[in-house]
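Inspection log for the structure reproduced underneath, given as structure tokens.
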Amino acid sequence: MSPSQRMPLVLRLALIATVMAVIFVVDTTTRYEVAAAVFYTVVVLTAVRLVGRTALLLLCAACIVLTVASLVLTPHGDLRSGLVNMGISIAAIVMTTWLALKMEAARAAAHEAQAQLLRITRITSLEGLTTSIAHEVNQPLAAIVTSGNACQRWLAQDAPNLERARQALERILADAGRASGIIARVRSLTRGEPPQRAPFDLDEAVREVVELSQANIAMHHIVLSLELAGTLPPALADRVQVQQVVGNLLLNAIEALLPVAPAARRLRLASCSEDGMLLLCVEDTGVGLAPGMIDHLFDAFWTSKDEGIGVGLSISRAIVEANGGRIWAEPGARGGAVFRFTLPVADGEAAA
Ligand SMILES: Nc1ncnc2c1ncn2[C@@H]1O[C@H](COP(=O)(O)OP(=O)(O)OP(=O)(O)O)[C@@H](O)[C@H]1O
Ligand SMILES: [Mg+2]
């Protein structure tokens with residue numbers, strides 16, 4: 001946000017009116033040869049971002065009227081030069097207004113195209129995720145149908161094989177549990193709502209999530225270092241969703257630390273601003289990322305854990321991207337892994 005955009009609208013309009021008044025006085029009190037009216041173009045260029053199309057056209061008309069009025073009221077100088085200067089000034093004002101309106105229309109079109117692209121990207125990533133979820137849930141459902149048919153056959157025999165039927169029933173229950181487990185996990189990770197983007201303090205949001213994981217961290221003798229910047233500009237994103245991402249990364253880091261010796265379990269969270277975005281790093285000294293893993297980490301249902309479902313990171317990526325950021329993983333400097341994600345700042349220039 002530029003300093004002029006931070007100024008309240010009334011103040012900005014008052015400033016424009018003052019500049020117009022100053023130009024009028026200078027143009028009227030100086031000789032005909034001084035074409036001060038040309039500076040009305042600056043007024044038009046400043047106003048284009050503040051007022052609508054009709055208001056800008058009215059402003060343009062007002063500038064022309066003031067230019068003519070100055071010529072009539074100017075007491076001295078060469079009238080021929082005055083007429084030429086007035087013509088040049090009016091032409092400049094009209095041209096500037098026309099160009100400013102064109103520029104504003106182009107800017108609005110670019111903005112709309114950008115918003116559309118974001119919507120398409122979001123739908124694409126969520127569509128991919130939905131397909132994977134449907135595929136994954138379909139597997140236990142198909143197994144339930146197979147086991148159900150088998151169960152029916154065992155029971156329909158002249159001498160029903162109750163033991164076999166019981167086993168088939170057990171498989172049905174296990175598969176049903178698996179299907180509902182997947183859905184429950186997905187529901188707990190996504191609230192199924194579009195992001196509610198609003199400015200918030202990233203450090204404070206992270207601290208709240210860490211607080212919730214504190215017992216888990218202490219129980220596993222993990223040494224935590226919290227290096228939050230404390231001076232970051234506010235993030236512009238859905239606070240709850242961002243906390244889900246941080247919670248996910250923390251949980252993954254804790255799970256990656258469990259197989260290593262307790263004395264070597266380190267977890268580091270750091271925040272900073274970089275290239276106009278906010279950046280959060282979650283670094284651990286856990287099992288690390290084997291070669292080739294990085295390409296799959298964010299794929300839905302890709303997991304290396306017996307009890308894992310493999311949706312944590314793919315949902316985290318969908319959330320971060322829907323909020324205008326980026327998430328990626330790298331091997332840690334001291335072994336282990338580091339996950340980073342960025343978020344846009346509420347004030348475009350504050351973090352630059
Ligand atoms: N900090 C980490 N260190 C090492 N490997 C990791 C780390 N975080 C994630 N991974 C790897 O990425 C895989 C995918 O993670 P993701 O969170 O998507 O699924 P998950 O943890 O296996 O299961 P879920 O989150 O659904 O319970 C994990 O199985 C693990 O192999
Ligand atoms: Mg996980």
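The values are calculated or read from the model by the stated rules, or taken from the named source; none is laboratory data. For clarity, every value in this text was computed on a predicted model and none was experimentally measured. Positions of Cβ are backbone-derived with ideal geometry, glycine not excepted, and every protein chain shown enters the neighbour counts. Quick note on the areas: whole protein, heavy atoms, side chains included, nothing else; ligands and nucleic acids left out. Shrake-Rupley method; radii C 1.70, N 1.55, O 1.52, S 1.80 Å.
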Inset, instruction - Quick one: which residues, 5+ away or cross-chain, put their amide H under 5 Å from the amide H of Ala237? H built at 1.01 Å from N. - result: Ala198, Phe200
Legend entry - Rounded accessible area of Leu66 (nearest 10 Å², 1.4 Å probe): 50
Legend entry - Sum of side-chain charges, Ala108 neighbourhood, beta-carbon under 15 Å (Lys, Arg +1; Asp, Glu -1): +2
Inset, instruction - Leaving ligands, DNA and RNA out of it, work out the accessible area of Lys305 with a 1.4 Å probe and give it in Å² to the nearest 10. - result: 80
Inset, instruction - Taking the chain as the reference, fit the longest principal axis to its C-alpha atoms, fit the long axis of helix 53-73 to the helix C-alpha atoms, and give the angle between the two in degrees, 0 to 90, nearest 10. - result: 20
Legend entry - Computed helical MRE - 222 nm, the chain, DSSP H runs ≥ 4 contributing -39500 (n - 2.57), nearest 500: -20500 deg cm²/dmol
Legend entry - Exposure ranking of Asp238, Asp347, Asp275 by accessible area [1.4 Å probe, largest first]: Asp275, Asp347, Asp238
Inset, instruction - Report ³J(HN,Hα) in whole Hz for each residue of region 22-31, in order, from the Karplus equation J = 6.51 cos²θ - 1.76 cosθ + 1.60 where θ = phi - 60°; Gly and Pro get x. - result: 4, 4, 4, 5, 4, 5, 7, 7, 8, 5
Inset, instruction - For helix 239-257, report the angle its Cα long axis makes with the longest principal axis of the Cα atoms of the chain; keep it between 0 and 90° and round to the nearest 10°. - result: 40
Legend entry - Accessible area in the full protein assembly, largest first, 1.4 Å probe, for Met86, Met103: Met103, Met86
Inset, instruction - Positive end of the charge dipole of the chain (Lys, Arg +1 and Asp, Glu -1 on Cβ, about the Cα centre): tell me which of Ala17, Leu212, Ala264 has its Cα farthest that way. - result: Ala17
Inset, instruction - Can you list which of the GluC sites (Glu not before Pro) found in region 253-352 are DSSP loop residues with at most 12 other C-beta atoms within 10 Å? - result: Glu307
Inset, instruction - Would you mind working out the magnitude of the charge dipole of the chain relative to its Cα centre, with +1 at each Lys and Arg C-beta and -1 at each Asp and Glu C-beta, to the nearest 20 Debye? - result: 520
Inset, instruction - Provide the per residue accessible area, probe 1.4 Å, for the chain, rounded to a whole number of square angstrom. - result: 56
Legend entry - Vicinal HN-Hα couplings computed from phi for region 167-178 (Karplus, 6.51 cos²θ - 1.76 cosθ + 1.60; Hz; Gly/Pro x): 4, 4, 5, 5, 5, 4, 5, 5, 5, 5, x, 5
Legend entry - Cα gyration tensor, the chain - rounded (a/c under 1.5), prolate or oblate: prolate
Legend entry - Span per principal axis, largest first, for the Cα atoms of region 10-55 (Å): 34, 18, 14
